[in-house]
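Read the structure below first, then the notes.
The values are calculated or read from the model by the stated rules, or taken from the named source; none is laboratory data. Just so it is clear, the model here is predicted, and its values are computed rather than measured. When we count neighbours, we look across all protein chains shown, and the Cβ atoms used for this are built from the backbone with ideal geometry, even at glycine.
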Amino acid sequence: MATEAEREHDVQVLTSGAMADVWSWVESKIPTGVRVFDAHAHIGADVDGRAMTGSGLRARMEAAGVERSIVFALNDPNARDDFSGPNDVVWSAYEEHPGFFVPFFRLNPYNDYEREFERCVERGFEGLKLHPVSQKFELDDPKVVRLFEMAARIDLPVLIHAGFAMQRIVEPLLPTVEAHPELRLILGHSAMVEILEAARAFEGHENVLFETSVVRAKDLYVLFSSLDPARISYGSDIPYGDLPSTLHGTLAAAEAAGVPDAALPGILSGNIRRWFP
Amino acid sequence: MVPVKQRMDKAMRTAHLLRINSYMDIAIISMWTASPRADVIIGMVEASLKGKGPGGEDEELLEKLRDLVREGREHHREGNFPPAMARMRVAHDKIALHLIQLAGE
């Protein structure tokens, strides 16, 4: 785990050297008074060796002027059956850093999830994170559809990984969205491999948000050129992404696509704050 | 056939930038997957950036890409993934959006 000094070093090297003018441009593009909201970040440890602590994430947020982040567990080696341990790590960070984090809990739909779902909802978690690649499930698996229904019933937002390594997104998800238009759904990484198809399919579904973390600018150009920017929210995917480069990608793609500056406060903050004021 | 030093139209500029963009694609994937060849593939990106682009009109962009990729490789060699990937991601985004803009001119 990185020391505090190393974390400060990380923040500095992300905005210096060849990144200095990139960061200056990003800062100039963030409208005055906008409190940036990161809709996708992780706390904990992953089987691939990556890790992030609550204090490390907070340091990065403060250095980059980000006010709040939706946080959830990584694909934790200690997830066991129900993700209760990694979910507790997220909750502890939420309590240790009041006001910084919006805690989501994570589940494995193939395991017995009833008790952990109930425990996390009662505790106050504000959303559910599902990762079809890490937990090896399809979005139209009956166990997953049931989880979507449980979330819709109690108005609990769900963020799904819809990024790297996904091969089926729109086709398995659309029936659930059509059956439960009240379900508040965040498409992590904007369904990047099917980004145009997803924009077309979910355009009329106001409760589906597209989240931009680590999506390449050329994909985001297509998204910003195809969908109302009020449906798009900025994300970083820390520790896989970082705040300076993901802010640059989102803002540069929006500018290239001709998104008006008046829409930037929504993309950077207001669109996701409608759900988490 | 147009002599190599004289061709500088948009098609030639696009072809040159697409080459660099493709090597960046490969380099970033190799970094994500922690390939043991990631360093040499970033080196291929650096090689693709050598010399002026056709006509020199894209030189401001190319100079920025050279700086980002050089620093990205240095950080990657030091095992410092976030600043390495940040620089490669920005470089990749810059060249992609430049190509889109070129196509729309």
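Name the residue that is surrounded by the fewest Cβ atoms within 10 Å (Cβ to Cβ), counting only residues in the range A:66-97 that are aromatic (Phe, Trp, Tyr) and in contact with a Gly (Cβ under 9 Å, 6 or more places away or on another chain).
For the range A:66-97, the residue satisfying everything is A:TRP91.
Have a look at A:LEU268, A:LEU209 and point out the one that is away from every other protein chain (no Cβ under 14 Å), over 20 Å from A:PRO31 (Cα atoms) and among the aliphatic types (A, V, I, L, M).
Sole residue among the options that is away from every other protein chain (no Cβ under 14 Å), over 20 Å from A:PRO31 (Cα atoms) and among the aliphatic types (A, V, I, L, M): A:LEU209.
Is it fair to say B:LYS10 is surrounded by 13 or more Cβ atoms within 10 Å (Cβ to Cβ) and either without any contact (Cβ under 8 Å) to a residue 24 or more places away in the chain or under 10 Å from the mean Cα position of the chain (by Cα) (or both)?
no
Please list, ordered by first then second residue, the pairs with beta carbon atoms under 8 Å, 6 or more apart or interchain, first in the range B:59-86 and more than 9 Å from chain A (Cβ to nearest Cβ), second surrounded by fewer than 19 Cβ atoms within 10 Å (Cβ to Cβ) and of a type in the set (Gly, Ala, Ser).
B:GLU59/B:GLY53; B:LEU62/B:GLY53; B:ARG73/B:GLY43
Does B:ALA15 qualify as being at pLDDT below 95 and more than 14 Å from every other protein chain (Cβ to nearest Cβ)?
Criteria not met by B:ALA15.
Considering the range A:186-206 alone, what residues qualify as being surrounded by fewer than 22 Cβ atoms within 10 Å (Cβ to Cβ) and closer than 26 Å to A:ARG106 by Cβ?
A:VAL193, A:GLU194, A:ALA201, A:HIS205, A:GLU206
Which of the residues that make up the range A:51-97 are aromatic (Phe, Trp, Tyr) and more than 20 Å from B:PRO82 (Cα to Cα)?
Scanning the range A:51-97 gives A:PHE83, A:TRP91, A:TYR94.
Can you tell me which of (1) in contact with a Pro (Cβ under 6 Å, 6 or more places away or on another chain); (2) more than 16 Å from A:HIS248 (Cα to Cα) is the one A:ARG58 doesn't meet?
(1)
If you scan the range A:10-27, which residues turn out to be facing chain B (nearest Cβ under 9 Å) and out of contact with any helix residue (DSSP H, G or I) (no Cβ under 9 Å at 6 or more places or on another chain)?
If the condition is that a residue be facing chain B (nearest Cβ under 9 Å) and out of contact with any helix residue (DSSP H, G or I) (no Cβ under 9 Å at 6 or more places or on another chain), then no residue fits.
Kindly indicate whether A:PRO172 is in a helix (DSSP H, G or I) and within 27 Å of A:ALA152 (Cα to Cα).
Yes: the conditions hold for A:PRO172.
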